[in-house]
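The values are calculated or read from the model by the stated rules, or taken from the named source; none is laboratory data. What you are looking at is a predicted structure, and each value in this text was computed from that prediction instead of being measured. Ideal geometry is used to build each Cβ from the backbone, glycine not excepted, and the neighbour counts take in all protein chains shown.
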Number of protein chains: 2
Amino acid sequence: MSLVCVECPVRDRAACAVLEEDERNALARAGRMRDLKRNETLFAAGEPVSSCATLVSGALKVATMDAEGREQILALIHPAGFVGEFFRPFAEHDVIALSDSRLCVFAGPTMEQAIDAYPALARALLRRAQEDLHASRVLQALTGKASGKARVAALLLGFGQAASDSPCHPAAQFDLPLSRGEMANMLGLTIETVSRQITVLEREGAIARKGKRGIELVDPALLSEAAA
Amino acid sequence: MSLVCVECPVRDRAACAVLEEDERNALARAGRMRDLKRNETLFAAGEPVSSCATLVSGALKVATMDAEGREQILALIHPAGFVGEFFRPFAEHDVIALSDSRLCVFAGPTMEQAIDAYPALARALLRRAQEDLHASRVLQALTGKASGKARVAALLLGFGQAASDSPCHPAAQFDLPLSRGEMANMLGLTIETVSRQITVLEREGAIARKGKRGIELVDPALLSEAAA
DNA sequence: CGTCATCTTGAGCTGCATCAACTGACGTGG
DNA sequence: CCACGTCAGTTGATGCAGCTCAAGATGACG
């Protein structure tokens, strides 16, 4: 399947946005679109990885299973995000679709050749890797020693930011992209604790539940105070 | 000060190792050596960063302070490691010397020009960023939901690996590069808990204390079992 | 020998995990 | 259309791992 970059919703935010039109088209001819259903696995930990991809729409999670079979979510991938490691023969973590998703997939050598051919692409990928690294450390700082309430509050704020168009103000209302269980796996808590802390934050007037997945940020200031 | 790559202890492991001799020398002329004493700060969170560096000897920590002024260690940098973000105007985290250290420092634009001039360098930095990202996620998985004992055991094993020449077997005996407080900050525990778990592991026969900072891995298999 | 920093050990308390029951939404099949 | 099962979420009761506070112990150094 050929890619139609002209219609790509992330055409000016993804790594390939730094390429010239003809370069991008050349790269696109070497890639293909792939759709994933919710909970479908893109890469499985331990399996050989010979490809990488840009997320076009939907959302992915990067996760590991511990010895007891419990999942730990290590990162979320949003549209325009990039997954796949070039320099490792095997995937270290699972990459799974959180919702129905569409990706722009490239076979391993294709992208390696491309970063040699287009220096700007290497820069763009380096930038993205550093951003991912930063995001990982921020999450680490959060789960390191914050209280359960602070973790949940910070996660809700983060979702609000992600759901907003403006980079400074969070969306007033949005749908949670994660189930309670996924939020718990991400924060190093249990389902029950997440649920309880959401209840507490609602009772304090910081947020309000809107249906099963909807959240309204009633008092963002109060919420960010709880996240401290 | 000019750099003498020929004598550099990390000359074939650092990112610049991918360069040809003359390219490397050209880059070296644009950089300079810098020595840090223990606890000296290389980058401070929030301050503008206009440089990056390869660690030649010693060790660094990447850390944040939470609202209550407690430190959280997010990553350790070992010799041949690279620090500094090109694409961000301000440092997000503190970078501090854990022991007396020597770095090979480059002013911001120097390295940016170099990655454009030498595609192999961009690849090498991308590889390093992905490795850092992986290390960050491994640490995150560890601090996510493991027990105190498992965290301490895993950290000790990691130090053993790092202190060893062989990549597969850990060193039988080594000195802890971190104080109890630093280990606690890294693992999301308290000094007391770290101390207690070390005592437990010693009582179980997995390790033995050798003086103030020395650790002997009496039974590595038992230790890695405790880390599970 | 005293001082200071680091580490260890003890005792009690707290926050989160665990186990368990209940609710509501949804889908399936009789 | 209703009975039923399933699944996600909520709430309650209880226990324990790790935090907190406190008191030594150990070692480095002047």
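Would you be able to tell me the number of residues in region B:103-130 that are among the charged types (D, E, K, R) and surrounded by fewer than 19 Cβ atoms within 10 Å (Cβ to Cβ)?
3
Here are some residues: B:S147, B:S166. Which one is out of contact with any strand residue (DSSP E or B) (no Cβ under 8 Å at 6 or more places or on another chain) and more than 15 Å from DNA strand C (Cβ to nearest atom)?
None of the other options fit; the residue is B:S166.
If you check A:E216, A:E204, A:E182, which single one turns out to be away from DNA strand C (no atom under 12 Å from the Cβ), within 14 Å of another protein chain (Cβ to nearest Cβ) and either in contact (Cβ under 8 Å) with a residue 24 or more places away in the chain or more than 24 Å from the chain's Cα centre (by Cα) (or both)?
Answer to the selection: A:E182.
Among the listed residues A:P119, A:P177, which satisfies the condition of being within 22 Å of A:A14 (Cα to Cα), within 14 Å of DNA strand D (Cβ to nearest atom) and of a type outside the set (V, I, T)?
A:P177
Which of the numbered conditions does B:R137 fail, given that it passes all the others? Conditions: (1) surrounded by 17 or more Cβ atoms within 10 Å (Cβ to Cβ); (2) within 11 Å of DNA strand C (Cβ to nearest atom); (3) within 14 Å of chain A (Cβ to nearest Cβ).
(2) is the only condition that B:R137 fails.
May I ask you to list the residues in region A:1-30 that are of a type outside the set (A, V, I, L, M) and loosely packed, with under 15 Cβ neighbours inside 10 Å?
A:S2, A:E7, A:P9, A:D12, A:R13, A:E20, A:E21, A:D22, A:R29 - these are the residues of region A:1-30 that are of a type outside the set (A, V, I, L, M) and loosely packed, with under 15 Cβ neighbours inside 10 Å.
Every residue, every condition in (1) within 9 Å of DNA strand D (Cβ to nearest atom); (2) at pLDDT 95 or above; (3) under 26 Å from B:E71 (Cα atoms); (4) assigned to a helix (DSSP H, G or I), yes or no:
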| residue | (1), (2), (3), (4) |
| --- | --- |
| A:L155 | no, yes, yes, yes |
| A:A162 | no, no, no, yes |
| A:C168 | no, no, no, no |
| A:M186 | no, yes, yes, yes |
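I'd like to check something: does region A:61-75 contain any residue that is surrounded by 12 or more Cβ atoms within 10 Å (Cβ to Cβ), of a type in the set (V, I, T) and touching a residue at least 40 places away in the same chain (Cβ under 8 Å)?
Looking for residues that are surrounded by 12 or more Cβ atoms within 10 Å (Cβ to Cβ), of a type in the set (V, I, T) and touching a residue at least 40 places away in the same chain (Cβ under 8 Å), one finds at least one in region A:61-75, hence yes.
Of the conditions (1) assigned to a loop (DSSP other than H, G, I, E, B); (2) in contact (Cβ under 8 Å) with a residue 12 or more places away in the chain; (3) within 21 Å of B:Q130 (Cα to Cα), B:F87 fails just one. Which one is it?
B:F87 satisfies every listed condition except (2).
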